[in-house]
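The values are calculated or read from the model by the stated rules, or taken from the named source; none is laboratory data. The model shown is predicted, which means the values in this text are computed figures rather than measured ones. Using ideal geometry, Cβ is built from the backbone for each residue, glycine included, and neighbour counts are taken over all protein chains shown. Surface areas here come from the heavy atoms of the whole protein model, side chains and all, with no ligands, DNA or RNA. Shrake-Rupley method; radii C 1.70, N 1.55, O 1.52, S 1.80 Å.
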Amino acid sequence: MALDTMLLAVGPRDANSVSRLAQTVIEVAKPTGATVVLGHVFTEDEFESVLDQLDYTPQSRAEPGEVARRHTTIRDLAAHFDDAGVSYEIEGTVGNHGDAIVTLAEQVDADRVVIGGRKRSPTGKAVFGSTAQEVLFAASCPVTYVRRD
């Protein structure tokens, strides 16, 4: 199976994992020449909050991709990929994290999805759900999980 496109899906909790996520993706993408899609997934509330932080007015219809390009986590990841010489694209989407990641992976025809997450107890997953678990079960391609420290 050729590896042409990798989706690195990030969200609001991934800011402290940028180096680890970038290193994991670069180790695979660079030797294969794969293009990395940096996908920032926002819930509706997260998107509205970021719009407020970036001083968008209600009249200026901001697209999720445009907002993602301005987000610090995406800019930091892009710097890592620039330094490593790995090609990338930036996408943004709004929706339930798990569903939006799976949908974005299908839209960009990803050969692999990389997601970050934290360790949770089985009870925590049952009560609060798990985006990572949702993506692992629903994605139509392999998923690499990078655990936060």
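Details
- Residue match in segment 30-43 (condition: open to solvent by 20 Å² or more (accessible area, probe 1.4 Å), under 26 Å from Asp109 (Cβ atoms) and among the basic types (Lys, Arg)): yes
- The lone exception for Ala68 - which of (1) of a type in the set (Gly, Ala, Ser); (2) surrounded by fewer than 17 Cβ atoms within 10 Å (Cβ to Cβ); (3) modelled with pLDDT under 95 it fails: (2)
- With a requirement of 2 or more residues that are touching a strand residue (DSSP E or B) at 6+ places or on another chain (Cβ under 8 Å) and touching a residue at least 60 places away in the same chain (Cβ under 8 Å), the helices (runs of 4 or more DSSP H) lying completely within segment 1-105 that satisfy it span 18-32, 72-84.
- Tallying residues that are surrounded by fewer than 16 Cβ atoms within 10 Å (Cβ to Cβ) and of a type in the set (Gly, Ala, Ser) within segment 85-117 yields 2.
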